[in-house]
Structure formats: structure tokens, C-alpha cells
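Asker: Take this structure first; my questions come after.
Each value in this text was obtained by applying a stated rule to the coordinates, not by laboratory testing. The structure displayed is predicted, hence computed values, not measured ones. Using ideal geometry, Cβ is built from the backbone for each residue, glycine included, and neighbour counts are taken over all protein chains shown.
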Amino acid sequence: MARRYLVAGNWKMHGLASDLGEVAAIASGAERRPDVDVALCLPATLIERAARALPAFAIGGQDVHAEDKGAHTGDIGAAMLSDAGASLTIVGHSERRADHGESDEGVQAKAAAALASGLDVILCVGESLEVRKSGQAIPEVERQLLASLPEFEGNPSRLSVAYEPIWAIGTGLVPSLEDIAAMHGALRQQLVDRFGAAGGDMRILYGGSVKASNAGEILAIDDVDGALVGGASLKSADFLPIVEAAPQS
């Protein structure tokens, strides 16, 4: 199957009711590119309101618990996300791994739970600056990917991998196009080795200081099937040009 581009915004800990107009503007603008899948992963407080206002637009969560329910204060289960109107969720973002001590095994369990509940998943992997400087970026990210991947059979588009060099997130720094191509090529091979032909159909997104000025050249790289966008996804004026930068299918 042909891989459709996916451009997903991660609002992180940003967004109040007064910002729902930006969500609506992004949803409306995304209609100009029906060949590109566009989604926003919002704070949990906005998911239900955004999904109710924009039922045809993909709204996602930023994390999910491995258990569907239980004594887990402050967490949110996959069924709860679905009930609020979410159709996807991020798991394993580097900020969750660093700030909350999430392990590869825990990320794997979260991804499996989300997929089993019908949510699509964006699974994040990436290396620190120290690892990049040591020359071990590809082996380390490959290891992280294999340890975080859930067992999965079904529509390959439901599971995407997002490569996010940790040192590039929010810093304005971006790896060279050659480095991005090498990493995405290595991750593609690991997905094919793990899932066979389905691994060739899974999307691999790039995340890390993606903006309108660099999106076109990044999205044109082989095996870059979209972007996971942070700060530039908060405003339609910044985010929609990234969507428009995706090559025509």
C-alpha cells in the first residue's frame, strides 16, 4: 500500500478553551490537502471539546496508560481517550521518557494497549546529543525501537514511528538531511525485518524543530513519511505551511 503523509502536531502542555479557534483553523486549512493526514495531539482537557466541535478532524492524546482503568491517579486509559473523541495517541515521547522515567518496556505496553483499544499510535524514539556525538545514534535508536515496538497485526498505517533527535527538539537545531535519511533508512529496515511487508507500509515521521522553512526538504527525503511538530503546531499560520510542504502524492 502507498504511504500517505502524516503531519501531526503535539501541543504538549499548551492550550486553553480560548485556543480552540486555532484548532478549527488548522482543521479547515488541512482540507486543502486531502492527500495528507493531519492530526493534533492536544492536552487532555481539550480533547473532548475539540473532537465534539470538529468530528471529522483527527484529535489525539499525548500519552496513555498501559491499563484501561484502575488505581492510577492522574493517568488516562485508552478507552477514556476514545470516549473523549480521540482517534490516536503519542507514546514514548522523549519528554515522557526523561521527565517521567518511562522505559522501553513501559512504552511498548502503552502502545499495545492503545492499539488494542482502537487508537492509532505514534511511537517516538530518538537519541541524546551525547549519543549522537559518540557516533552511536543509529544503533541506539534501532535498539530503542525494537525494545518499544508492540506486537501488531493489522492496518500498518495505525502504527507510526516518530524519530525525534532529542537534542533538536525546540532548539532550532536540525540534523543534516543526510543524517535524517540514514536514520530513517535504518528504521525502515528494522520495521521490515520485524513486520515483513507491513513494515514497509508503516509511516516514519521526523520530529525536531520542524518548521515551514525546512519542512519541504525534510519531507522530500526517502522514508520520511511526515512530521511530528511541536511549537510550530500551536498556530495555524505556522503549522499549515508545514502541511502544504508535503510532496504531492
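Asker: Mean residue ellipticity at 222 nm from the helices of the chain, using -39,500 (n - 2.57) per DSSP H segment of n ≥ 4 over the full residue count, to the nearest 500 deg cm²/dmol?
Answerer: Rounded to the nearest 500, the figure is -12500 deg cm²/dmol.
Asker: Rank-order 69-78, 29-38, 83-92, 162-171 by packing density, defined as the average count of other C-beta atoms within 10 Å over each peptide's residues, highest first.
Answerer: Per-residue mean Cβ counts within 10 Å order the peptides as 83-92, 162-171, 29-38, 69-78.
Asker: Also, quick follow-up: What distance in nm separates the two pseudo spin-label positions at residue 171 and residue 220, each 7 Å out from Cα along the beta-carbon direction?
Answerer: 2.6 nm
Asker: What pairs from 133/235; 12/133; 110/211; 12/211 go past 25 Å between their alpha carbons?
Answerer: 133/235; 12/133; 110/211
Asker: Write down, largest first, the equivalent ellipsoid semi-axes of region 55-158 in whole Å, where each equals the square root of 5 times an eigenvalue of the alpha-carbon gyration tensor.
Answerer: Rounded to whole Å, the semi-axes are 26, 15, 12.
Asker: On to the next question. Using the 10 angstrom Cβ neighbour count as an exposure proxy, how do 243, 174 rank, fewest first?
Answerer: Lowest count first: 174, 243.
Asker: While we're looking at this one, here's another question. Using Cβ contacts closer than 10 Å as the measure, can you line up 110, 211, 235 from fewest to most?
Answerer: Ordered by Cβ neighbours within 10 Å, fewest first: 235, 211, 110.
Asker: Over all alpha-carbon pairs in the chain, figure out the percentage whose distance exceeds 26 Å.
Answerer: So the portion of pairs separated by more than 26 Å is 33 percent.
Asker: May I pose another question? Would you mind ranking 80, 183, 13 so that the residue whose beta carbon has the fewest other beta carbons within 10 Å leads the list?
Answerer: Least crowded to most crowded, the residues run 13, 80, 183.
Asker: Moving to a separate point now. Once you sort the root eigenvalues of the Cα gyration tensor of region 34-116 as a ≥ b ≥ c, which label holds: rounded (a/c under 1.5), prolate (a/b larger than b/c) or oblate (the other case)?
Answerer: prolate
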